[in-house]
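Read the structure below first, then the notes.
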Amino acid sequence: MNSPGNVLITGGASGLGAATVEAVRQAGGRPLVIDKTEPSAPVDHVVADLADSAATENAVEELVRRADNHLDGVFTAAGIDACGPLGSVSTKDWERVVHVNLLGTAAVVRAALPHLERTHGTVVTCSSTLGVRVAGDATAYCASKYGVVGFTKALAEETAGRVGVTLLIPGGMHTNFFNDRDEQYKPPPDAKLNQPEHVARTVLFALSQPPGCEVRELVVCASEEGSWP
């Protein structure tokens, strides 16, 4: 597999993002991280809140500048949730999920697109199995991840022949994503979940395709996980 080159990764300080940072490093690439917290890995990064579109776009430009204005790939791994019935989740919390998951994805891609067009690079967006099915008490998350699906498919058509576009649909993983939830919204102890490093390999596969060859959609989940199909 060829080196993935310079890859911008949101949410690269933890979970799937951090696993992808390591996968890119091991493959000889250079990760560029945007996260609201400092990554533990010694990588180029900018601390930014993806709910702030202007700050997000500035972070992309700063990282590309550090990488000699050369960008080969983008992976939008960052994501949050706010569980609960619609009427019990505050407007601020509900809208923040959409801002981070959907509008943050769009802000990153918007800023990165001119650079990717110059290199015929690749975007991998991160939706979820809850971007193609639904669950109660997850209206914000489902709305945002369904939005990522529509955004990505429209982007693929819009940029065909200029930028590679892959939609990643991962199932549940063993990450800190579930840690702050009420107990009723956490996976049971015997839940069949994937390891983030396994999913990261599939991201690397999509990013490493040659120009003109694209993996349009990847569904990656534990073989016995109940959220798919």
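Taken as a whole, the condition of being free of Cβ contacts under 8 Å to residues at least 60 places away in the same chain, surrounded by fewer than 15 Cβ atoms within 10 Å (Cβ to Cβ) and part of a loop (DSSP other than H, G, I, E, B) applies to residue 188.
Residues that are part of a loop (DSSP other than H, G, I, E, B) and on the phi > 0 side of the Ramachandran plot within region 2-60 comprise 5, 11, 28, listed in sequence order.
Among residues of region 199-217 being under 14 Å from residue 173 (Cβ atoms) and in contact with a helix residue (DSSP H, G or I) (Cβ under 9 Å, 6 or more places away or on another chain), the one that is most open to solvent (accessible area, probe 1.4 Å) is 201.
Exactly one residue out of 160, 156, 200 is in a helix (DSSP H, G or I) and farther than 26 Å from residue 13 by Cα: that is 156. Going by the conditions given, is residue 30 over 30 Å from residue 185 (Cα atoms) and open to solvent by 20 Å² or more (accessible area, probe 1.4 Å)? So residue 30 fits the description; yes. Can you name the condition, by its number, that residue 170 falls short on among (1) open to solvent by 10 Å² or more (accessible area, probe 1.4 Å); (2) under 19 Å from residue 131 (Cβ atoms)? It fails just one condition, (1).
Whenever a residue of region 101-117 is in contact (Cβ under 8 Å) with a residue 24 or more places away in the chain, its partners that are basic (Lys, Arg) and buried (at least 23 other Cβ atoms within 10 Å of the Cβ), lying with C-beta atoms within less than 7 angstrom and at least six residues away or across chains, give the pairs 101/145.
Return the residue satisfying two criteria in turn: it lies in region 98-141 and is open to solvent by less than 30 Å² (accessible area, probe 1.4 Å) and part of a loop (DSSP other than H, G, I, E, B), and of such residues it is farthest from residue 69 (Cα to Cα). That would be 138. Within region 110-131, the residues that satisfy the criterion of being modelled with pLDDT of 95 or more and of a type in the set (A, V, I, L, M) are 111, 112, 113, 116, 123, 124. From the list 18, 59, the one residue that fits, being surrounded by 18 or more Cβ atoms within 10 Å (Cβ to Cβ) and under 14 Å from the mean Cα position of the chain (by Cα), is 18. For region 62-97, a residue qualifies if it is of a type in the set (Val, Ile, Thr), under 20 Å from residue 177 (Cβ atoms) and open to solvent by 30 Å² or more (accessible area, probe 1.4 Å), and exactly one does: 80.
The values are calculated or read from the model by the stated rules, or taken from the named source; none is laboratory data. Note that the structure is predicted; figures quoted are calculated from it, not measured. Because the Cβ atoms are built from the backbone with ideal geometry, glycine has one as well, and the counts that use them run over all protein chains shown. SASA here: full protein model, heavy atoms, side chains in, ligands and nucleic acids out. Shrake-Rupley method; radii C 1.70, N 1.55, O 1.52, S 1.80 Å.
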